[in-house]
1. Could you tell me which of the residues F207, F220 is farther than 23 Å from D139 by Cβ, at pLDDT 95 or above, of a type in the set (F, W, Y) and in contact with a strand residue (DSSP E or B) (Cβ under 7 Å, 6 or more places away or on another chain)?
2. Considering only residues that are of a type in the set (S, T, N, Q), at pLDDT 95 or above and over 17 Å from Y352 (Cα atoms), which ones fall in the range 418-453?
3. Considering each residue of the range 65-104, count those that are farther than 25 Å from Q125 by Cα and out of contact with any Leu (no Cβ under 6 Å at 6 or more places or on another chain), and give that number.
4. Scan the range 405-427 for residues that are part of a strand (DSSP E or B), surrounded by 22 or more Cβ atoms within 10 Å (Cβ to Cβ) and either over 23 Å from the mean Cα position of the chain (by Cα) or small (G, A, S) (or both) and jot them down.
5. Looking at Y398, Y361, which one is of a type in the set (S, T, Y), touching a Lys or Arg at 6+ places or on another chain (Cβ under 8 Å) and touching a residue at least 12 places away in the same chain (Cβ under 8 Å)?
6. Going by the structure shown, is A115 small (G, A, S) and surrounded by 14 or more Cβ atoms within 10 Å (Cβ to Cβ)?
7. Considering each of N240, N254 in turn, give the residue that is buried (at least 18 other Cβ atoms within 10 Å of the Cβ) and polar (S, T, N, Q).
8. Which condition breaks for L143 when tested against (1) crowded, with 17+ Cβ neighbours inside 10 Å; (2) touching a Cys at 6+ places or on another chain (Cβ under 9 Å)?
Amino acid sequence: MKIKTAAFYVVMLSFSAIAYSHTTTNASPKRPAILFNRWQEDWSVLADPRVPREPLDNLKYIPLSANPKTYLSLGADWRNRYEYNNAMDFGVGPTGAKQSYDISRMEVHADLHIADQVQVFAQLQNDNAPWKKIILPVDEDRLDLEQGFITVVEPLGGGTFKFRVGRQQMAFDMQRFISVRNGPNVRQSFDAIWFDYELAKWRLIAFYSYPVVSRNLRCFDDYSSNDLTYGGIRAERKINNTFRISSYFSRYTNANAVFLTASGHERRNILDIRLADKTPAYDWDLETMGQTGNIDNKQIRAWAIGSVSGYTFENIHWMPRIGLQFDAASGNGHKHGGTLGTFNPLFPNGPYFSLAGYTGYTNLFHLKPSLTVQPNSFLSAMIAFAAQWRETTADAVYIQPNVPVPGTAGSPGAYTGNYVQGRVDWLMQSHVHTALEVVRFNIADVIRKVGGHNSTYVGVEVKLDW
């Protein structure tokens, strides 16, 4: 009897294993996700008829040969944000008037893949800012080429080598200093050559670029030149499944740089080191950058540090995350000295602080605790309180990206103010994202003395992607 019972269980376990194997084998592959960098998407999975279909999938995956990895994919993005600001730049200067306006960005792209070896990507943009009284270079750009590059991928020495050339976008780490500049309307592109090699836990990068300048006089008139260059080498290492370390050395040149105490041909040598770890419970990110070089017969000696950390209570309803952000950047301590200490944030990500743009990553101490809750996978809300000071009172208060508030350099009082920030993000459905952000900045005397006043920002955003 015992032998028959044992045999019965063996047979049942065998049938269960066969059933599980059949279920796993026949599980429908998932659809690709829409990514921040659209050129990183892989739509070849649509070659599998089991993948759930959506309208216009025949344009997301257009097969060009028997090889499913050879195909053309089309896509588009549209973002519209209504912004109200009762005191842009704290109400100081020509852009400081109260404004209420829209910023709208439309992007369309075509992505050609040839057998996982060659990629040709082209993306057009059209950016408008109706009702905005003062148009800045980041606000509007008539129809122009945002990205257009060719990538070649080859196996090499047990790893993967990539070569990319053309107009492209790049971002490092949390985009504190090298970013796509997604907050404003006009993104930052680079006419660049990019080399990339990945082997096991290592990734090595080398690049040289001419940052693209938006002209906005007519269509397809954006340009780059030797007047502004940026290039370097970078190494990334995965220490384990969660811990990452990266570092890069780069050189930035600007033939027409202007600072409060120096102007001319700016040459900066940059060393950046970043450590980051992320688990389901805790996360932290620490980055530091040093800058040397020269401008106008002055030596450059500048630095910055940024840190974001948090702890998420996974087992509590709404999964609250307590966060803390700390940032610091040097200012120029001696107006008539032979050294320029003003930190250059390079190509920063403005929303790293807030969409309001009240804070620049120059001559700064910034401390911001926050609380984020997530009622479900589609909705999140954040509330934060921040205070900031100047690193040195000899230098100015700076707004985004590194614009000095007139009259604040040399004025006494390191404390520059505090702000409250609230933000809600709602994924209405897979292709529709909405967000609301409100910022209230209470200025200190150093800004009030030059005519500034407390400021309120409201931004309501809708994003559609396909």
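1. Checking each option against the conditions leaves just F207.
2. Result: T434, N442.
3. 19
4. Result: T416, G417.
5. Going through Y398, Y361 in turn, the sole match is Y361.
6. Criteria not met by A115.
7. N254
8. With respect to (1) crowded, with 17+ Cβ neighbours inside 10 Å; (2) touching a Cys at 6+ places or on another chain (Cβ under 9 Å), L143 is out only on (1).
The values are calculated or read from the model by the stated rules, or taken from the named source; none is laboratory data. Note that the structure is a prediction, hence the values are computed from the model and not measured. Here Cβ is always computed from backbone atoms with ideal geometry, including for glycine, and neighbour counts include all displayed protein chains.
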